[in-house]
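Asker: I am attaching a structure below and will ask some questions about it afterwards.
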Amino acid sequence: MKRILCVGLLAMMVAVPAFADEVKVTKAWTRATAPGQDSAAVQLTITSDKDATLVGVLSGSAQRGEIHTMVMEGDVMKMRAIDSLPLPAKTPVTLGADGNHLMLIGLKNPLKAGRKLPFAIMVKLANGKTTTIRILAAIKPLDTTGNDGQMQMQPAMQMQPATQPEAAMPQHEHQHQ
């Protein structure tokens, strides 16, 4: 019985990469963390062959992962968790460049420059199936800026709308200058 179960599990794991072939992830990176910092934003580019939806982020390195968007309210930039993010067919979606990004919250250990951060994203494909794609993000120095890593913010009106009522969304407030 155990042998049949192992063979079945192996067969399922072999099938997963076929779905991952529909979705490409490139340029995944995050910054090293400062002392006491327990969260990190992950930036990357996702390109799907067909319409798909980013529906989750997982990492054994953190208590939880979230998909975030950012909106400007007065002088304060606010991050908000969203349930999902559309991935239009054959269109690179760069998380970080437009304010959308992944957050790893409750980091179990500091992130050190020069190392890799393992995590996974969950993508719902056009056929309705959900696949998990494993990724290794480069951890860049904490002081990475400009083209090497600074999130570029677009006007809030161009961001994806939140999919949850505002009162129900976890909020993190940050002042950006």
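The values are calculated or read from the model by the stated rules, or taken from the named source; none is laboratory data. These figures come from a predicted structure and were not determined experimentally. All Cβ positions, glycine included, derive from the backbone under ideal geometry; neighbour counts span all protein chains shown.
Asker: Which members of region 71-88 meet the condition of being aliphatic (A, V, I, L, M), within 13 Å of H101 (Cβ to Cβ) and at pLDDT 90 or above?
Answerer: Correct list: A81, I82, L85.
Asker: For region 101-114, how many residues are surrounded by 14 or more Cβ atoms within 10 Å (Cβ to Cβ) and under 28 Å from V71 (Cα atoms)?
Answerer: 8
Asker: Taking interchain pairs and intrachain pairs at least six residues apart, which have beta carbon atoms under 7 angstrom, with the first residue in region 61-74 and touching a residue at least 40 places away in the same chain (Cβ under 8 Å) and the second hydroxyl-bearing (S, T, Y) and surrounded by 14 or more Cβ atoms within 10 Å (Cβ to Cβ)?
Answerer: That search, which allows pairs on different chains as well, returns G65/S59.
Asker: Picking from G36, G65, which residue would you name as being over 16 Å from the mean Cα position of the chain (by Cα) and under 22 Å from K112 (Cα atoms)?
Answerer: G36
Asker: Before we move on, is V93 surrounded by 14 or more Cβ atoms within 10 Å (Cβ to Cβ) and in contact with a strand residue (DSSP E or B) (Cβ under 9 Å, 6 or more places away or on another chain)?
Answerer: Against the criterion (surrounded by 14 or more Cβ atoms within 10 Å (Cβ to Cβ) and in contact with a strand residue (DSSP E or B) (Cβ under 9 Å, 6 or more places away or on another chain)), V93 qualifies.
Asker: Same structure again: Among the residues of region 142-163 satisfying the criterion of being at pLDDT 50 or above and in contact with a strand residue (DSSP E or B) (Cβ under 7 Å, 6 or more places away or on another chain), which is surrounded by the most Cβ atoms within 10 Å (Cβ to Cβ)?
Answerer: T144
Asker: Quick one: which residue in P92, P88 is in contact (Cβ under 8 Å) with a residue 12 or more places away in the chain and out of contact with any Asp or Glu (no Cβ under 9 Å at 6 or more places or on another chain)?
Answerer: Matching residue, one of P92, P88: P92.
Asker: Would a scan of region 115-128 turn up a residue that is touching a residue at least 60 places away in the same chain (Cβ under 8 Å), over 28 Å from K50 (Cβ atoms) and surrounded by fewer than 19 Cβ atoms within 10 Å (Cβ to Cβ)?
Answerer: Checked against the condition, which is being touching a residue at least 60 places away in the same chain (Cβ under 8 Å), over 28 Å from K50 (Cβ atoms) and surrounded by fewer than 19 Cβ atoms within 10 Å (Cβ to Cβ), region 115-128 yields no hits at all.
Asker: Kindly provide the set of residues from region 24-56 that are surrounded by 15 or more Cβ atoms within 10 Å (Cβ to Cβ) and either acidic (D, E) or in a loop (DSSP other than H, G, I, E, B) (or both), ordered by number.
Answerer: Matches in region 24-56: A32, T33.
Asker: Could you figure out which of (1) among the small types (G, A, S); (2) more than 15 Å from the chain's Cα centre (by Cα); (3) at pLDDT below 95 isn't true of G99?
Answerer: Here G99 clears every test but (2).
Asker: Moving to a separate point now. Could you list, in sequence order, the residues of region 103-138 that are closer than 22 Å to A81 by Cα, charged (D, E, K, R) and touching a Ser or Thr at 6+ places or on another chain (Cβ under 9 Å)?
Answerer: Matches in region 103-138: K108, K124.
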